[in-house]
Every structure is written in C-alpha cells, then in structure tokens.
Amino acid sequence: MKLAIAALLCASAAAFAPAPSTKASTSLQVSEIELGVTEPLGVYDPLGWLESEPEAFERRRAVERKHGRVAMAAVVGTIVHNNHIVFDGYLSPSANLKFSDVPTGIDGIRAIPTAGLAQIVAFFALVELAWMPASKYDGDYGVGYFGTDIKDPEEKARKLNVELNNGRAAMMGIMGNMVAEVLTGQTMYEQYAAGHISPFGDGQGVF
C-alpha cells in the first residue's frame, strides 16, 4: 500500500513538471495564453494541445474556469455544512424533511427527495444553457466582480489569475475531501472532531 501511494505521489509530481516552451501559431492573443500561467511551471501543456488543437484552447480554458468556480462553491458549502450551519425550515414539507435532517458529507445527496434532485438538475441546466452558457468562453456573465466592473486591465488580469489558481486548488480540495471521506468513512467534521486527519481513519494520530 505504501509503495502504491509513493508511486502515485511521484507520478503526480511528474505531471506538474514544466512543459517545454513551444510557440504555437494560433490566432489566440498572447495574453489569453498567459492567463493562468503559474511560475515556475510556465505554460502547462503536457499533451501539446496548443500546437495540435489551438482552436480548442479557449474552450478548455473556459471549462477549467467554470469547473473552478463550481469547485470553490463546493468547498465553501462543504465547510459550512460540516459545521452544521443550515437553513431554517423544511427542505421538503411533504416528506417532513428539514434542512437540519440532511447529513453532512456525501450521504447528504441521498437524503434529498427525487423531486428535489430534479429541481437542482433543472436549475443547473438553466444556468448552463441560458444564464451562463458554456459557449461564452471569456467567463464574463455581466455580473462584474462582486458587482463591480474592473477597468484597469492589469488589475483585471491579476484577479482572473487569482480566480483560476483558486479554482484549481478548490478542484483538488473538493476531490481530496470526497476521496478522504470514502476511504475513512468520516466526514471532514468527524475527522476534525476526532482530533486527527488521516487517510486511513484509524484515529491513532495526526497524519
């Protein structure tokens, strides 16, 4: 098991090694390519998509941006719910199900009635197809940055880079949290309450 974990860590480290710098003949602006580049890695393009499929770069960046935004919301929601901060009242009056009855962690989704899950999926579809369509590659949905429009291009680029990097961290964070919960059988709150953070859930010390 330890050998497998060590091999996995080595593979992960290799995946984040700097990609060779290549000049792709694309119609994309250099600023668009540089947005999201994190030093010292440079342009992370291990599969060479910038050269082989330059027309798909914008779409992939848009997907990364949107996934990052969803993951950031998921991390915040996980932390809030694991601390038992919930809405008052009923999630489903007909099923006599209160928001406080929904368990924390992955099991929470199993407590939501089918009709509730259908409403969530319908809302996602509305957002994806109408309000914030995936085809809008720049990620600007007309709501501004906390309600304000950033005019300074340097400040805007910096904030967009911060968003992309925070989104990347959130994607790793929410996936790590879910994997840890499946492995340990404990939610984030239960691990903290037990006084240990361990991928094996034995409660015998700090990992």
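The values are calculated or read from the model by the stated rules, or taken from the named source; none is laboratory data. If you're wondering where the values come from, they're calculated on a predicted model, not measured in any experiment. Quick reminder, even Gly has a Cβ in these numbers, built from the backbone with ideal geometry, and neighbours come from all protein chains shown. Just the protein is used for accessible areas: all its heavy atoms, side chains included, with ligands, DNA and RNA removed. Shrake-Rupley method; radii C 1.70, N 1.55, O 1.52, S 1.80 Å.
Based on the Cβ-Cβ distance from V179 to H84, what FRET efficiency comes out when R0 is 22 Å, to the nearest 0.05? Each step should come with its number before you reach the end.
Details: r = 23 Å, r/R0 = 1.03.
The formula returns an efficiency of 0.45 here.
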Checklist entry - Quick one: Karplus J couplings for the range 76-92, per residue in order, coefficients 6.51, -1.76, 1.60, θ = phi - 60°, nearest Hz, x for Gly and Pro? => result 4, x, 5, 5, 4, 5, 5, 8, 6, 9, 10, 5, 6, x, 10, 6, 9
Item to check | Cβ-derived FRET efficiency at R0 30 Å, S92 paired with A194, nearest 0.05 | outcome: 0.45
Next on the checklist: Could you work out what % of the accessible surface of the range 53-207 is carbon and sulfur, using a 1.4 angstrom probe and leaving DNA, RNA and ligands out of the count?
Outcome noted: 63
Next on the checklist: Per residue, how large is the accessible surface of the range 126-172? Use a 1.4 angstrom probe and give square angstrom.
Outcome noted: 72
Next on the checklist: Net charge around E181, counting only other residues with Cβ within less than 11 Å of its Cβ (Lys, Arg = +1; Asp, Glu = -1)?
Outcome noted: -2
